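The values are calculated or read from the model by the stated rules, or taken from the named source; none is laboratory data. Fair warning: this is a prediction, and the values are worked out from it, not measured in the lab. Cβ: placed from backbone, ideal geometry, glycine included. Neighbour counts: every protein chain shown. For accessibility, only protein heavy atoms count, side chains too; no ligands or nucleic acids. Shrake-Rupley method; radii C 1.70, N 1.55, O 1.52, S 1.80 Å.
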Amino acid sequence: MSSYPETVAGIATALAKGEFSSVEITRHYLDRIAAHDSRLNSYITVCEEHSLNQAAAADAMLKSKDAGPLTGVPYAHKDIFCTKGIKTSCGSRMLDNFVAPYSATVSERLDAASMVLLGKTNMDEFAMGSSNETSYFGPVTNPWREGAVPGGSSGGSAAAVAARLAPGATGTDTGGSIRQPAALCGISGLKPTYGRVSRFGLIAFASSLDQGGPMATTAEDLALLLNVMAGFDNKDSTSVDRPDEDYTRSLREPAAGLRVGIPKQFFSADLDADVAAPIRSAISELETMGAICTEIDLKHMDLSIPAYYVISSAECSSNLSRYDGVRFGHRCDDPRDIEDMYRRSRSEGFGVETQRRILVGTYALSSGYYDAYYQKAQQIRRLIRDEFKNALENVDAILGPTSPTTAFTMGQKSDDPVAMYLSDIYTTAVNLAGLPAISIPVGFADGLPVGMQLIGNYFAEAKLLQIAHQYQNVTDWHQHSPSLDDGIE
Ligand code: GLN
């Protein structure tokens, strides 16, 4: 490993001091990608020329003292965010030929901060999945173990950060897609409050749940990246109009006296014992730091998976109707007539899991079933939200596992959609409620990372980041990195 700092914060400080240039650090990451990514497959597109141009421009700003806090810092961008002039595939054959004609607001904000885009990361097709195996561009290898999944859908971003092929990355989380891959790859990931980060130009899966957020090795880096990514956007009708915040503002405040609720439902038989153990140690550590941990009751948690999969599939069936082979995306060869064109373009362009979700969603919304499924799911969503709201009146954060298991083996769950969906038992409720939540590494089980989740009240990102940062001050789980074992340094 090189002598360059590995964190966003460390790189930003060194760039400001002129210890090395943005071109040098960008070259360093491009070299690591070239050396290791043919095995990991964490990037779909690497934009070397574009990256080096951005880095040179950043260096000029750093020299003329025009720089912002993250000027010249490289990052990886999930291939769900539109990037003008750069292929944006969303992990799908449908968009394999799509070069975005405009940039997502998040992409524009990262550009405006003069950060350096290394490339676009691999992901489950249209962000549907928990293992990155549904990507048209092939699965991503978990850098901690050959043959293990990195989690999904932001599996490419998680693997790239864990393997130090980027110091930080973007992700999106509809039902756990930032937190679960962060947990399985041993990094930190934050899903912000719904509405904090603009969805404009973020390719839609389930619009009432989708939320972009940062992934990095430390909580401090998440705060720095969120400062760039978040903010009101009048191009997104669900963006919340609140003043900009500095998410690093509370990092240095001690965790003593903070109240942490631990739902007993999060430690049921569904949770692997070897995942529970490091989380229990982390709870003891937080208590040593002065946090007050109490057991709480969240009775409706077991309803979150069925409600999530009805609502998210219903919204996906509507969102994905735009891929008809007419306006953009894949079109079949030599269609006989318009119906043949729709049918074959969509059958060829979408993978099996995406087609399954479209079918489930269309069924749930169809007349006669709407009340039984969709409406019921919306009622459950309200119950879950109310339950969280009540619990969060008495505690500052709710703590539990991020995922019931560590990284599983590729192929293990691909033929059993329900088993795959159960990877999300601790994460989907948070999206149904629209709350912020963070996952941080708290240890290992049989050589694979274990993540712990902290859920906060609406707009309480700074508090979650504070607890996570304070925990990372006294532990070093976030500093572990996998040895890439391919003989290449
Ligand atoms: N794994 C969940 C799903 O497949 C969540 C995906 C996500 O958050 N984008 O829907």
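Quick check on Ala16: is it of a type outside the set (Ser, Thr, Tyr), at pLDDT 95 or above, surrounded by fewer than 17 Cβ atoms within 10 Å (Cβ to Cβ) and in contact with a Leu (Cβ under 8 Å, 6 or more places away or on another chain)? Write out each step before concluding.
Values: of a type outside the set (Ser, Thr, Tyr): yes; at pLDDT 95 or above: yes; surrounded by fewer than 17 Cβ atoms within 10 Å (Cβ to Cβ): yes; in contact with a Leu (Cβ under 8 Å, 6 or more places away or on another chain): yes.
Against the criterion (of a type outside the set (Ser, Thr, Tyr), at pLDDT 95 or above, surrounded by fewer than 17 Cβ atoms within 10 Å (Cβ to Cβ) and in contact with a Leu (Cβ under 8 Å, 6 or more places away or on another chain)), Ala16 qualifies.
Working only within segment 37-53, note down all residues that are part of a helix (DSSP H, G or I) and within 12 Å of Asn142 (Cα to Cα).
Asp37, Arg39, Leu40 - these are the residues of segment 37-53 that are part of a helix (DSSP H, G or I) and within 12 Å of Asn142 (Cα to Cα).
Counting residues that are under 30 Å from Ile262 (Cβ atoms) and of a type in the set (D, E, K, R), which helices (runs of 4 or more DSSP H) fully inside segment 331-397 reach at least 2?
Numbers: elements: 338-349, 352-365, 376-391.
Those helices (runs of 4 or more DSSP H) span 376-391.
Considering only residues that are open to solvent by 10 Å² or more (accessible area, probe 1.4 Å) and either touching a helix residue (DSSP H, G or I) at 6+ places or on another chain (Cβ under 6 Å) or within 16 Å of the ligand (Cβ to nearest atom) (or both), which ones fall in segment 101-125?
Taking segment 101-125 and keeping what is open to solvent by 10 Å² or more (accessible area, probe 1.4 Å), we get 101-103, 105, 108-109, 111-114.
Those that are open to solvent by 10 Å² or more (accessible area, probe 1.4 Å) and either touching a helix residue (DSSP H, G or I) at 6+ places or on another chain (Cβ under 6 Å) or within 16 Å of the ligand (Cβ to nearest atom) (or both): Arg109, Ala113, Ser114.
What do you reckon, is Leu448 open to solvent by less than 10 Å² (accessible area, probe 1.4 Å) and either modelled with pLDDT of 95 or more or under 27 Å from Ser317 (Cβ atoms) (or both)?
Criteria met by Leu448.
Suppose we filter segment 51-60 for residues that are within 11 Å of Thr26 (Cα to Cα) and surrounded by fewer than 19 Cβ atoms within 10 Å (Cβ to Cβ); how many remain?
3
Condition first: under 23 Å from the mean Cα position of the chain (by Cα) and not aliphatic (A, V, I, L, M). Now tell me which residues in segment 6-27 satisfy that.
Residues of segment 6-27 that are under 23 Å from the mean Cα position of the chain (by Cα), as a first pass: 6-12, 26.
Scanning segment 6-27 gives Glu6, Thr7, Gly10, Thr26.
Okay, residues lined up against (1) among the charged types (D, E, K, R); (2) within 15 Å of the ligand (Cβ to nearest atom):
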| position | (1), (2) |
| --- | --- |
| Val149 | no, yes |
| Arg164 | yes, no |
| Lys191 | yes, yes |
| Gly213 | no, yes |
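So which residues in segment 167-181 are out of contact with any Pro (no Cβ under 7 Å at 6 or more places or on another chain) and at negative phi?
Step one: list which residues in segment 167-181 are out of contact with any Pro (no Cβ under 7 Å at 6 or more places or on another chain), which gives 169, 171-180.
Residues satisfying the conditions are Ala169, Gly171, Thr172, Asp173, Thr174, Gly175, Ser177, Ile178, Arg179, Gln180.
Which is at pLDDT 95 or above, within 16 Å of the ligand (Cβ to nearest atom), of a type in the set (A, V, I, L, M) and out of contact with any strand residue (DSSP E or B) (no Cβ under 6 Å at 6 or more places or on another chain), of Met94, Met128? Before you say what the answer is, go through the steps one by one.
Numbers: Met94 fails: within 16 Å of the ligand (Cβ to nearest atom).
Answer to the check: Met128.
Do we find that Tyr136 is within 15 Å of the ligand (Cβ to nearest atom), in contact (Cβ under 8 Å) with a residue 12 or more places away in the chain and surrounded by fewer than 24 Cβ atoms within 10 Å (Cβ to Cβ) in this structure? Steps first, answer last, please.
Working: within 15 Å of the ligand (Cβ to nearest atom): no; in contact (Cβ under 8 Å) with a residue 12 or more places away in the chain: yes; surrounded by fewer than 24 Cβ atoms within 10 Å (Cβ to Cβ): yes.
The answer is no for Tyr136.
Please state which one of Ala433, Ala437, Ala445, Ala419 is of a type in the set (Gly, Ala, Ser), over 20 Å from Glu6 (Cβ atoms) and touching a strand residue (DSSP E or B) at 6+ places or on another chain (Cβ under 7 Å). Talk me through it step by step, then tell me what you get.
Details: Ala433 fails: touching a strand residue (DSSP E or B) at 6+ places or on another chain (Cβ under 7 Å); Ala445 fails: touching a strand residue (DSSP E or B) at 6+ places or on another chain (Cβ under 7 Å); Ala419 fails: touching a strand residue (DSSP E or B) at 6+ places or on another chain (Cβ under 7 Å).
Of the residues listed, the single one that is of a type in the set (Gly, Ala, Ser), over 20 Å from Glu6 (Cβ atoms) and touching a strand residue (DSSP E or B) at 6+ places or on another chain (Cβ under 7 Å) is Ala437.
Mind telling me which of the residues Ser423, Ser403, Ser414 ends up being outside any loop (DSSP other than H, G, I, E, B) and either within 16 Å of the ligand (Cβ to nearest atom) or within 22 Å of Ala277 (Cα to Cα) (or both)?
Numbers: Ser403 fails: outside any loop (DSSP other than H, G, I, E, B); Ser414 fails: outside any loop (DSSP other than H, G, I, E, B).
Result of the check over Ser423, Ser403, Ser414: Ser423.
Name the pairs whose Cβ atoms lie under 6 Å apart, with the first residue in segment 108-130 and more than 15 Å from Gly171 (Cα to Cα), the second in a strand (DSSP E or B), and 6 or more positions between them or separate chains?
Short answer, once both residue conditions are applied: Met115/Tyr75; Val116/Pro74.
Suppose we filter segment 193-211 for residues that are away from the ligand (no atom under 15 Å from the Cβ) and either closer than 15 Å to Thr248 by Cβ or touching a strand residue (DSSP E or B) at 6+ places or on another chain (Cβ under 6 Å) (or both); how many remain? Walk me through it before giving the result.
Applying the first criterion (away from the ligand (no atom under 15 Å from the Cβ)) to segment 193-211 yields 193, 195-196, 198, 200-201.
Next, only the ones that are either closer than 15 Å to Thr248 by Cβ or touching a strand residue (DSSP E or B) at 6+ places or on another chain (Cβ under 6 Å) (or both) stay: none.
Of the residues in that region, 0 qualify.
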